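Undergrad: Before I ask anything, here is the structure I am working with.
Only the coordinates and a few stated rules stand behind these numbers; no lab work does. On a predicted model such as this, the values are computed, not experimentally measured, just so you know. A quick note on method: Cβ atoms are made from the backbone with ideal geometry, for glycine too, and the neighbour counts reach across all protein chains shown.
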Amino acid sequence: MLVLNFKTSEMTTGCIESLERVLQTPPLVLLMDNGSGAYQERLLGEFVAQRPHCRLLLFQENLGYCAAMNRGLAAAAEAGAEYALFLNSDVTTDEDFLAPLVAVLDNDPSVAGVSPTVLLPHGKVWCQGASVGFSSNLVRLHGLGKDPAPRSAGPCAVGFLPGACVLYRLDALTAVGGIDESYFMYFEDSALGAALRAHGHTLLWLPWVRVIHHPSASSGGGRSPLRKFMMAVNSVRYLRSHFSVKLWAAWFLFDVIGLPLAYLAGGVRAGWAKTTGLARGLLGHRVTAADVVRWLDP
């Protein structure tokens, strides 16, 4: 299991503790810290020292989500893992969540990744799988804001699996070169889904498994300037790598013509972050840790 921390150590350790409460035999946990600083590193070190099933990987700078997760995948492969569970630190689980995901990969080698229904704290859907399409930010989180699908539905093949809670087949990730680090954070899951499907794999959403997600905690919230900037930059990067007239038209309609809505919904700073991100994306900018410092709200 891969859990990445960035300045949210209390939430991160709480996530692992909740997992320990619901699983009789906790899996190997690779707890990674993305340059959060000495204080958080010390807290995580004390936490891991009490848990033989945990390993701590400390990165002295913010490598970005993609590069950090690739290092975690390399460590998982070195440890002999067959599957890798991506779990955001802001996700809570129950005792029934992991076994069904494992069973799918055990029984169907064509499936590269499988994910549960991901709910918001109030019980509505955050996602039931996702796809890239004609929508704002190009991303469709299936079922967003709706009541969850019946547990008897599905499973369903989807375009990609948002990384909040996904179980991947490790050799499938290795075959596509892991996560594209040029994205730093955001849109990497879309690109990964496209790469896996291009290699003949299927990605599945299981409606009878559910977890709870408190989204975008590490980037300041769903309408934060940092998220707006990174999504804007990386949407253009994705379009350049996966050319489609329909997707470029969607980008122009929703993200360029619709840009004033970003100011109305998120305020001037969030709107300006998206404006800057779109412009920088068109110029070929690649998100870096310096952008996080600039745009992450204090």
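Undergrad: Just for the Cα atoms in the stretch 146-270, what are the lengths along the principal axes, largest first, rounded to whole Å?
TA: If we take the Cα atoms of the stretch 146-270, the spans are 42, 33, 28 Å.
Undergrad: Please give me the summed charge of the neighbours of VAL236: other residues whose Cβ is under 10 Å from its Cβ, Lys and Arg +1, Asp and Glu -1.
TA: +2
Undergrad: Here's something else I'd like to know. If you keep only loop residues by DSSP, which chymotrypsin sites (Phe, Trp or Tyr not before Pro) in the stretch 56-115 have at most 13 other Cβ atoms within 10 Å of their Cβ?
TA: Qualifying residues, ordered by number: none.
Undergrad: Further question: Can you give the convex hull volume of the alpha carbon atoms of the stretch 123-168 per residue, in Å³?
TA: Looking at the stretch 123-168, the number lands at 98 Å³ per residue.
Undergrad: Express in nm, to one decimal, how much length is gained between ALA49 and PHE252 on full extension, taking 0.36 nm for each residue of separation and deducting their alpha carbon distance.
TA: Going from the current span to full extension adds 68.0 nm.
Undergrad: Moving on. Within the P(r) computed for the stretch 225-295, what percentage of the Cα pairs occupies the region above 15 Å?
TA: 50 percent
Undergrad: Quick one: if you take sqrt(5λ) for each eigenvalue of the C-alpha gyration tensor of the stretch 64-140, what semi-axes come out, biggest first, whole angstrom?
TA: Largest first, the stretch 64-140 gives 24, 18, 15 Å.
Undergrad: How charged is the neighbourhood of GLU95? Take every other residue with its Cβ under 15 Å from the Cβ of GLU95, and add Lys/Arg as +1 and Asp/Glu as -1.
TA: Local net charge: -2.
Undergrad: Taking 7 Å along the Cα-to-C-beta vector as the label spot, tell me the ARG294-THR202 distance in nanometres, rounded to one decimal.
TA: About 4.4 nm separates the two model spin labels.
Undergrad: Once you list every other residue whose beta carbon is under 12 Å from the beta carbon of LEU4, what net charge do they have if Lys and Arg are +1 and Asp and Glu are -1?
TA: 0
Undergrad: For the chain, which longest stretch is free of loop sites, where a loop site is one of the GluC sites (Glu not before Pro) that DSSP puts outside H, G, I, E and B and that has at most 14 other Cβ atoms within 10 Å?
TA: The answer is 96-298.
Undergrad: Explain nothing, just compute: Karplus ³J(HN,Hα) = 6.51 cos²θ - 1.76 cosθ + 1.60, θ = phi - 60°, for every residue of the stretch 2-18 in order, whole Hz, x for Gly and Pro.
TA: 10, 10, 10, 10, 9, 6, 9, 4, 5, 5, 5, 5, x, 4, 5, 4, 5
Undergrad: Given the options PRO207, PRO215, PRO26, state which has the largest fluctuation in a GNM of the chain using a 10 Å cut-off (strictly under) for Cα springs.
TA: PRO26
Undergrad: Using a cut-off of under 19 Å, list every residue of the stretch 78-112 whose amide N is near the label point 7 Å from the Cα of THR174 along the Cα-to-beta-carbon line.
TA: Inside the label zone: 78-86, 105-112.
Undergrad: Just the Cα atoms of the stretch 2-216, one point each, no solvent: what log10 I(q)/I(0) does Debye give at q = 0.09 Å⁻¹?
TA: Computed log10 I(q)/I(0) values: -0.32.
Undergrad: Taking amide H positions as placed in the peptide plane 1.01 Å from N, state which residues far from GLY35 in sequence (5 or more) or on other chains have amide H under 5 Å from it.
TA: PHE59, GLU61
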